[in-house]
Amino acid sequence: MDPKLQELIDKQAISEVIQRYCRTLDWLDAEGQASCYWPDAHIEYGFFSGRAEDFLSVVMETESSLARRWHMLSQPLIRFHSAGFASSECYGVFGGGRMQEDGSIAGDLIGGRYLDEWEKRSVTGVDEPGWRISARTYIVDWKSPLANQPMFEPDPEFPLPTYRIDGPDHLQYRKL
């Protein structure tokens, strides 16, 4: 295959892992979240430093404690070092909220960046090798309060659905 075509295919595969990372956190899908990292990946988040296999329970517990969560990462800038190793950087915005004593939901909007290392390895039960994160450093750039978040009932003045997502078994969750 033409090396430039393979690079485009690999960039798309890495970009899909980044989107899966966001989606599986938001829907609290631990299995999907685990598929974003190699188990031995080094993760550095400030509040956690260690292996991905140990990080998974910490991050899922943190995300599960929120009444809602929303992750969005930019398109990554990716540089390949070889056919099986790459580095990327992308910006991220996270919004979340916890139930307050008065029954409202409030939290923060946080902006930062993800510095990732990638490896393409064989995956058990899959015909072709796949890309996963082999090291990640997360850097927070800013934080802003998000008060008065919508509740889980439709607002007559802004009648859009608002779901309470408290697990991957939600009726609206689809495996993609």
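The values are calculated or read from the model by the stated rules, or taken from the named source; none is laboratory data. All of these numbers come straight from a predicted model, not from anything done at the bench. In this analysis, Cβ positions are derived from the backbone assuming ideal geometry, glycine residues included, and neighbour counts consider all displayed protein chains. Just so you know, the surface numbers come from the protein's heavy atoms only, side chains and all, with ligands and any DNA or RNA stripped out. Shrake-Rupley method; radii C 1.70, N 1.55, O 1.52, S 1.80 Å.
If I go through the range 142-161 residue by residue, how many of them are touching a residue at least 40 places away in the same chain (Cβ under 8 Å) and among the basic types (Lys, Arg)? Outline the logic, then answer.
Residues of the range 142-161 that are touching a residue at least 40 places away in the same chain (Cβ under 8 Å), as a first pass: 146-151.
Narrowing further to those that are among the basic types (Lys, Arg): none.
Adding up the residues that qualify gives 0.
Condition test on Pro145, is it farther than 22 Å from Asp29 by Cα and within 22 Å of the chain's Cα centre (by Cα)?
Working: farther than 22 Å from Asp29 by Cα: yes; within 22 Å of the chain's Cα centre (by Cα): yes.
Criteria met by Pro145.
With small (Gly, Ala, Ser), out of contact with any helix residue (DSSP H, G or I) (no Cβ under 7 Å at 6 or more places or on another chain) and at pLDDT 95 or above as the only criterion, which of Ala106, Ala86, Ala67, Ala52 stands out? It would help to see each step written out before you state the result.
Working: Ala106 fails: at pLDDT 95 or above; Ala86 fails: out of contact with any helix residue (DSSP H, G or I) (no Cβ under 7 Å at 6 or more places or on another chain); Ala67 fails: at pLDDT 95 or above.
On inspection, the qualifying residue turns out to be Ala52.
Can you tell me which residue in the range 61-77 is nearest to the chain's Cα centre (by Cα), limited to those that are among the aliphatic types (A, V, I, L, M) and over 25 Å from Lys120 (Cα atoms)?
Leu66
What pairs come out if I take residues in the range 78-102 that are farther than 20 Å from Val123 by Cβ and of a type in the set (D, E, K, R) and pair them with residues that are part of a loop (DSSP other than H, G, I, E, B) and open to solvent by less than 100 Å² (accessible area, probe 1.4 Å) whose C-beta lies under 9 Å away, six or more apart or interchain?
Cβ pairs passing all conditions: Glu89/Pro76; Arg98/Ser65; Arg98/Leu66; Arg98/Ala67.
Here are some conditions: (1) open to solvent by less than 100 Å² (accessible area, probe 1.4 Å); (2) in contact (Cβ under 8 Å) with a residue 60 or more places away in the chain. Ile139 meets all but one. Which one does it not meet?
Result: Ile139 fails condition (2) only.
The conditions are (1) open to solvent by less than 80 Å² (accessible area, probe 1.4 Å); (2) aliphatic (A, V, I, L, M); (3) out of contact with any helix residue (DSSP H, G or I) (no Cβ under 7 Å at 6 or more places or on another chain), and Val126 fails exactly one of them. Which is it?
It is condition (1) that Val126 fails.
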